[in-house]
Amino acid sequence: MAGVALAATLVCLSGGHALAQGRGARVIEADRIVAVVNDEVITANELRARVAQVEWQLKKQGTEIPPRDVLQQHILERLIVDRAQIQFARETGLTVDDAQLDQALARIAEGSRMDLAQFRASLEKDGIPWTKFREDIRNEMIIGRLKEREVDSKIVVSEGEIDNFLESAGQMGSEEFSLAHILLRVPEQPRPEQLARLQARAEDIVAQLRRGADFAQLAASYSDAPDGLSGGMMGWRPLERLPALFAEAVPKLKPGEVSEVLRSPAGFHILKLIDRRGGAIKAQPVEQTHARHILIKTSELVSEAEARRRLIGLKERADHGANFAELARLHSNDLSSSKGGDLGWLSPGDTVPEFEQAMNRLKPGEVSDPVKSPFGWHLIQVLARRMDVSQERVRQTARMALRERKADEAYQDWLRQMRDRAYVEYRTEDNR
């Protein structure tokens with residue numbers, strides 16, 4: 001969770017998710033509407049504030065600031081996608097309460113080597129209002145949990161894929177690659193002229209880069225990837241954890257070189273290899289936990305309070321000798337209910353942070369209090385723990401690498417569908 005929070009900080013400080021206040025928001029006098037997303041508006045003041053924040057951060061990073069009209073249009077598109085995600089999260093009952101938000105803010109401050117008061121003072125000195133920063137972080141957390149629920153949790157890795165991965169992993173070697181990335185996203189059902197226009201733009205970007213243009217500036221101007229506004233930096237990745245399309249192109253590049261335009265279902269991609277280094281990823285001994293759980297999902301019919309109340313009753317029964325597995329079969333909304341809630345042996349990172357943190361506090365045989373996660377409310381029981389260096393762990397490491405390889409592309413495809421399903425009306429006459 002700390003890593004997510006720190007990532008959210010970087011995004012927020014580079015512009016954040018400056019979302020409007022939602023339904024019924026009071027529009028400041030003399031403000032104008034620049035876009036409508038479903039039944040909510042994005043205002044000119046909101047867009048100007050976001051542009052100013054991004055320009056401030058790009059300047060701080062030493063990145064040349066793109067032309068104002070280019071940056072403004074790009075940021076407006078990002079606001080539209082963010083707004084659609086927040087709306088969907090709200091409609092499906094996904095929230096981050098104040099206690100969870102405060103914990104995340106405390107971790108962000110700690111990561112900056114400050115206490116919360118010092119961190120708040122530092123932000124306000126830089127002109128970032130604390131109340132707005134809090135809501136930006138809340139929205140970052142909501143979007144992160146939405147991705148976990150709607151994308152990451154649905155990625156399937158077959159045993160055959162793991163076999164093929166382990167067979168080819170030795171051929172891939174142990175190199176890691178530092179990459180930067182630009183994505184031009186295509187609509188779900190693009191018209192031929194749209195595809196031609198986007199491909200021409202991608203090829204023009206490659207030509208500019210090969211003439212010495214600044215990658216970070218062009219990423220901030222055009223990239224639809226989540227890291228676009230921070231220069232497109234992906235960081236260090238082993239080849240095995242890159243999407244297959246990238247893994248094929250990257251080894252052919254020398255540091256400083258830019259790829260040809262790459263086409264995936266999500267759109268057109270441009271990669272730059274920053275550096276490469278050796279560094280094997282090995283299956284290190286880790287502590288695994290054998291756990292089972294009962295999940296109650298929230299919905300329009302089952303409120304947060306009702307889900308928690310049900311689990312309190314089930315915990316009381318388990319504490320007084322009721323069979324946990326039988327309770328899971330009868331009451332859990334998870335697919336594991338048919339196995340008595342059994343999740344098998346879990347390694348660090350296998351579950352969402354809220355679940356893992358609560359599980360790690362339990363001793364074998366203990367049942368947790370109700371725990372909230374992006375998937376609903378859980379009771380968790382720990383059955384046993386062990387240190388694992390087995391072939392099973394090697395396969396689990398491969399499974400996680402394959403999941404990460406699939407995750408970026410799956411998320412981009414999901415974002416494209418989310419954007420295409422949203423009703424968007426541009427008020428271009430207000431956005432000059």
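Given a cut-off of under 8 Å on Cα pairs at least six residues apart, what relative contact order in percent is computed for the chain?
Values: 653 pairs, mean separation 87.4, N = 432.
Taking the mean separation of contacting Cα pairs over the length of the chain, I get 20 percent.
Would you mind working out the accessible area per residue for the chain, using a 1.4 Å probe, and quoting it in Å²?
49 Å²
Quick one: of K59/K147; K147/K372; K147/K297; K147/K252, which pairs are farther than 25 Å apart, Cα to Cα? Present the calculation step by step, with values, prior to reporting the outcome.
Numbers: K59/K147 30 Å; K147/K372 16 Å; K147/K297 17 Å; K147/K252 32 Å.
The pairs that break the limit, which is 25 Å between Cα atoms, are K59/K147; K147/K252.
Could you give the length gained by full extension between M387 and Q103, i.e. 0.36 nm per residue of separation minus their alpha carbon distance, to one decimal place?
Values: separation 284, 0.36 × 284 = 102.24 nm, distance 2.98 nm.
Here the answer is 99.3 nm.
One quarter of the convex hull surface, Cα atoms only: what value does that give for the chain in nm²?
Numbers: hull surface 92.4 nm².
Projected over every direction and averaged, the Cα hull of the chain covers 23.1 nm².
How long are the semi-axes of the equivalent ellipsoid of the stretch 239-362, defined as square roots of 5 times the Cα gyration tensor eigenvalues? Whole Å, largest first. Don't skip to the answer; put the middle values down first.
On the way: eigenvalues 406, 77, 29 Å².
Its equivalent ellipsoid spans semi-axes of 45, 20, 12 Å.
How large a share of the accessible area of the chain, in percent, is made up of carbon and sulfur atoms when the probe is 1.4 Å and the other protein chains stay in place?
On the way: 10710 of 21140 Å².
Carbon plus sulfur share of accessible area: 51 percent.
Could you order the peptides 110-122, 307-319 from most to least packed, using the average number of other C-beta atoms within 10 Å per residue?
307-319, 110-122
Considering only the other residues whose Cβ falls under 12 Å of the Cβ of H331, what net charge follows from Lys and Arg at +1 and Asp and Glu at -1? Before the final figure, lay out the partial values.
Details: positive: K297, R310, K315, R317, R329; negative: E326, D334.
Cβ neighbours under 12 Å give a net charge of +3.
Could you tell me which of I86, S178, H269 has its Cα farthest along the dipole of the chain towards the positive end, charges placed at Cβ (Lys, Arg +1; Asp, Glu -1), taken about the Cα centre?
Farthest towards the positive end: S178.
Could you compute the FRET efficiency for K60 and S338, with r as their C-beta to C-beta distance and R0 at 41 Å, rounded to 0.05? Please report the intermediate quantities before stating the final value.
Details: r = 53 Å, r/R0 = 1.29.
Here the calculated transfer efficiency is 0.20.
Looking at the P(r) of the stretch 201-305, how many percent of alpha-carbon pairs lie beyond 19 Å?
Numbers: 3161 of 5460 pairs.
Counting pairs separated by more than 19 Å, the tail of P(r) holds 58 percent.
Subtract the Cα-Cα distance of R277 and A213 from 0.36 nm times their separation in residues, and report this length gain in nm to one decimal. Walk me through the numbers before you get to the answer.
Working: separation 64, 0.36 × 64 = 23.04 nm, distance 2.50 nm.
Here the answer is 20.5 nm.
If I fit a long axis through the Cα atoms of helix 192-210 and take the longest principal axis of the Cα atoms of the chain, what angle between them do I get, 0 to 90°, rounded to 10?
Compared with the principal axis, the helix lies near 80 degrees.
Using the basic label-point model (7 angstrom from Cα toward the beta carbon), what is the E260 to A200 distance in nanometres?
For the pair E260/A200, the computed spacing is 2.1 nm.
With no solvent and one equal point scatterer per Cα, compute the Debye intensity ratio I(q)/I(0) for the stretch 87-173 at 0.17, 0.21, 0.23 Å⁻¹ and report its log10, rounded to two decimals.
-0.79, -0.98, -1.10
How big, on average over all directions, is the shadow cast by the Cα convex hull of the stretch 179-249, in nm²? Each step should come with its number before you reach the end.
Working: hull surface 21.7 nm².
Taking a quarter of the hull surface, the average projection is 5.4 nm².
Determine which lysines satisfy two conditions relative to K254: a Cα distance under 27 Å, and not lying fewer than 8 residues away in the same chain.
K272, K282, K406
Relative contact order of the stretch 160-278, please, whole-number percent, based on alpha carbon pairs below 8 angstrom and at least 6 residues apart. Working shown, then result.
Working: 185 pairs, mean separation 47.3, N = 119.
This gives 40 percent for the stretch 160-278.
So what is the calculated 222 nm ellipticity per residue for the chain, using -39500 (n - 2.57) for each DSSP H run with n of 4 or more, over all residues, to the nearest 500 deg cm²/dmol?
Mean residue ellipticity, 222 nm, calculated: -16000 deg cm²/dmol.
What size of dipole, in debye to the nearest 20, comes out for the chain about its Cα centre when the only charges are +1 on Lys and Arg C-beta atoms and -1 on Asp and Glu C-beta atoms? Could the numbers behind the result be given before it?
Working: 62 positive and 66 negative charges, 61 e Å.
Dipole about the Cα centre, nearest 20: 300 debye.
Taking the simple approach of a point 7 Å from Cα along Cα-to-Cβ for both V156 and E91, what is their distance in nm?
2.6 nm
The values are calculated or read from the model by the stated rules, or taken from the named source; none is laboratory data. This one's a predicted model, so the numbers in the text were calculated from it and none came from an experiment. Every residue, glycine as well, gets a Cβ built from its backbone with ideal geometry; the counts of neighbours run over all protein chains shown. These accessible areas exclude ligands, DNA and RNA; they are computed on the full protein's heavy atoms, side chains included. Shrake-Rupley method; radii C 1.70, N 1.55, O 1.52, S 1.80 Å.
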